[in-house]
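*Asks:* One structure follows; several queries about it will come next.
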Amino acid sequence: MPITAPKELYVSMLSELRHGAERSRKVYEELGQAAQNPGIKEALDARELVSSQIQDRLDQCFKLIGEKPVKINQQLHDVFIEDFRRELKEINGPVARKIFVLAKASHLANLQVAAYNVLIAAADNLGHPGVGVLLESCLADKLAFMERTRSLIREHVAEKVAHA
């Protein structure tokens, strides 16, 4: 579908975030299982719950702008998962697997943070300050998750160094 107006781009990007939130729940579940670590699994399970709350807020954004999500290209998420599975098979060490899983979770969150920043900046310009507030709350959740992920990575790198 060709995009010809800023609002169409906005709806498309918002649709990608909504779809991403929906798919992220599944991705975090798979990442948690792959980590084979109760602490990481717990953190990713919590992230899965937060993703469902984010999805609800994004649905509210669509209501506020009077639009519905549009069909989006799923290729980015599909390639991400395919690459994750392929690369994970090549990692045998348990600490390296944990760090890899956390790095991939952080990578996914970074992609979404960039989109939130653009949409928040555009919300006020499109006359939807309430949407900006909802998106900022979603962004805050993403940033909190990223900080927790950084903390887990530091913890597991320290564990690896201590055992080396």
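The values are calculated or read from the model by the stated rules, or taken from the named source; none is laboratory data. Please read these numbers as outputs of a predicted model, since none were measured by experiment. Note that we place each Cβ from the backbone using ideal geometry, even for glycine, and neighbour counts take in every protein chain shown.
Residues are listed down the side, and each one gets a yes or a no for (1) closer than 22 Å to VAL133 by Cβ; (2) touching a residue at least 60 places away in the same chain (Cβ under 8 Å); (3) among the aromatic types (Phe, Trp, Tyr); (4) touching a His at 6+ places or on another chain (Cβ under 8 Å):
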site	(1), (2), (3), (4)
GLU30	no, no, no, no
SER52	yes, no, no, no
ASP59	yes, no, no, no
ILE65	yes, yes, no, yes
LYS71	no, yes, no, no
GLN74	no, no, no, yes
VAL79	no, no, no, no
ASP83	no, no, no, no
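*Asks:* For region 21-71, name all the residues that are surrounded by fewer than 18 Cβ atoms within 10 Å (Cβ to Cβ), charged (D, E, K, R) and within 15 Å of LEU152 (Cα to Cα).
*Replies:* Across region 21-71, the qualifying residues are GLU42, ASP45.
*Asks:* Just to verify a result, which residue in region 33-50, among those that are part of a helix (DSSP H, G or I) and in contact (Cβ under 8 Å) with a residue 40 or more places away in the chain, is nearest to SER137 (Cα to Cα)? Before you say what the answer is, go through the steps one by one.
*Replies:* Within region 33-50, the first condition is being part of a helix (DSSP H, G or I), and the residues that meet it are 33-35, 38-50.
Now narrow it down to the ones that are in contact (Cβ under 8 Å) with a residue 40 or more places away in the chain: 34-35, 39-40, 43-44, 47, 50.
On the way: ALA34: 29, ALA35: 28, GLY39: 25, ILE40: 24, ALA43: 19, LEU44: 19, ARG47: 15, VAL50: 11 Å.
So the residue we want is VAL50.
*Asks:* Can I ask one more? In this structure, does LYS71 turn out to be of a type in the set (Lys, Arg), out of contact with any Gly (no Cβ under 6 Å at 6 or more places or on another chain) and either on the phi > 0 side of the Ramachandran plot or not in a helix (DSSP H, G or I) (or both)?
*Replies:* Working: of a type in the set (Lys, Arg): yes; out of contact with any Gly (no Cβ under 6 Å at 6 or more places or on another chain): yes; either on the phi > 0 side of the Ramachandran plot or not in a helix (DSSP H, G or I) (or both): yes.
Judged against the criteria, LYS71 is a match.
*Asks:* Something else: Could you check ARG18 against (1) crowded, with 16+ Cβ neighbours inside 10 Å; (2) under 22 Å from GLU87 (Cβ atoms) and say which number it fails?
*Replies:* Going through (1) crowded, with 16+ Cβ neighbours inside 10 Å; (2) under 22 Å from GLU87 (Cβ atoms) one by one, ARG18 breaks only (2).
*Asks:* Find the residue count for region 95-132, including only residues that are under 20 Å from ASP59 (Cβ atoms) and either among the aromatic types (Phe, Trp, Tyr) or in a loop (DSSP other than H, G, I, E, B) (or both).
*Replies:* 4
*Asks:* Here's another thing I want to ask about it. From GLU16, GLU29, GLU22, which residue is modelled with pLDDT under 80 and acidic (Asp, Glu)?
*Replies:* On the way: GLU16 fails: modelled with pLDDT under 80; GLU22 fails: modelled with pLDDT under 80.
None of the other options fit; the residue is GLU29.
*Asks:* Within region 110-156, take every residue that is in contact with a helix residue (DSSP H, G or I) (Cβ under 6 Å, 6 or more places away or on another chain) and small (Gly, Ala, Ser) and give me the one that is surrounded by the most Cβ atoms within 10 Å (Cβ to Cβ).
*Replies:* ALA123
*Asks:* Is it the case, given these coordinates, that GLU90 is under 14 Å from the mean Cα position of the chain (by Cα) and acidic (Asp, Glu)? Step through it out loud before you land on a result.
*Replies:* Numbers: under 14 Å from the mean Cα position of the chain (by Cα): no; acidic (Asp, Glu): yes.
Spelling it out, it is not the case that GLU90 is under 14 Å from the mean Cα position of the chain (by Cα) and acidic (Asp, Glu).
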